[in-house]
1. If I filter the range 15-32 for residues that are buried (at least 19 other Cβ atoms within 10 Å of the Cβ), modelled with pLDDT under 95 and closer than 16 Å to Ala117 by Cβ, do I get at least one hit?
2. Out of Val23, Val64, I need the residue that is aliphatic (A, V, I, L, M), under 27 Å from Thr2 (Cβ atoms) and free of Cβ contacts under 8 Å to residues at least 24 places away in the same chain. Which one?
Amino acid sequence: MTTPMFHMIPGVPDPVAPYSHAVEMDGWVFVTGQLPISQGPSAGPSPEAVEAQTRQVMENLKRVLAGCGLGLEHVVSARVFLTHFDEDYERMNAVYGGYFAADKRPARTCVGVTALARGARVEIDLVARRTQERRRRGRQ
């Protein structure tokens, strides 16, 4: 077993609580849930529509993955949290689905929650797997 690597990625919104952007161990990369914020820790979600919030969340996730030398093609699992589940589920899916190839979508759980930090309507976290080749060569 290897020692975990704790990633803080430049250019990704500052955490809103005490956590790393991602933690990596034995080729598994656990990406912390991202909110639809694009600035420092005092920024709120922007804008209000769940479609735009979902796009911002996915772009933040892509930045974290890129900072770890990975992309969405390495994602094996996702969890989606929605504060307005019935109202936002289909609209969030319309945006989310565009980020993955139809034949390579990760396993996913989507749940309704009572609240998210910064008043966000959506938060998504990911689990990615570094390929054997990337593990041999190290982070790229």
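1. no
2. Val23
The values are calculated or read from the model by the stated rules, or taken from the named source; none is laboratory data. Note that the structure is predicted; figures quoted are calculated from it, not measured. Neighbour counts run over all protein chains shown; Cβ positions are idealised from the backbone, glycine included.
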